[in-house]
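Novice: Have a look at this one before I ask anything.
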Amino acid sequence: MRMIRPEQLRLLREAYPKGSRVELIEMDDPQAPPIGTHGTVLGVDDIGSIMVNWDNGCGLSVAWGADICRRIDVPKSL
């Protein structure tokens, strides 16, 4: 497992604050929610995992460097 640098962790926490909404893009786990599932960020832990309360009830975190999600509650830039 790769270690996250403090600056990367700070940026990740700024990008995914508690309460922000995300969509799952990719997660390599047999218990993963379906791709496209939306959820609410609970926070980012000390190893860079984005803790998410998925709308389907799943509680798996998005692992930094392995899984992919995107914010859906910010306006798209032109």
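The values are calculated or read from the model by the stated rules, or taken from the named source; none is laboratory data. These numbers were taken from a predicted model, which means no experiment stands behind them. Neighbour counts are summed over all protein chains in view; Cβ atoms, including those assigned to glycine, are modelled from backbone coordinates with ideal geometry. Protein only, heavy atoms only, side chains kept; ligands, DNA and RNA dropped before computing areas. Shrake-Rupley method; radii C 1.70, N 1.55, O 1.52, S 1.80 Å.
Novice: For the range 35-61, enumerate the residues that are open to solvent by 80 Å² or more (accessible area, probe 1.4 Å), over 19 Å from L12 (Cβ atoms) and touching a residue at least 12 places away in the same chain (Cβ under 8 Å).
Specialist: Within the range 35-61, D55, N56 meet the criteria.
Novice: If you don't mind, another one. Across the range 64-73, what is the total count of residues that are assigned to a loop (DSSP other than H, G, I, E, B) and either without any contact (Cβ under 8 Å) to a residue 24 or more places away in the chain or surrounded by 16 or more Cβ atoms within 10 Å (Cβ to Cβ) (or both)?
Specialist: Number of matching residues: 2.
Novice: Taking strands (runs of 3 or more DSSP E) that do not extend beyond the range 1-63, which have at least 3 residues that are closer than 18 Å to V74 by Cα and not aliphatic (A, V, I, L, M)?
Specialist: 38-44
Novice: Oh, and also: Looking at the structure I just gave you, is R10 surrounded by 14 or more Cβ atoms within 10 Å (Cβ to Cβ), more than 14 Å from I68 (Cβ to Cβ) and either free of Cβ contacts under 8 Å to residues at least 12 places away in the same chain or not β-branched (V, I, T) (or both)?
Specialist: Here the answer is no, as R10 does not meet what is asked.
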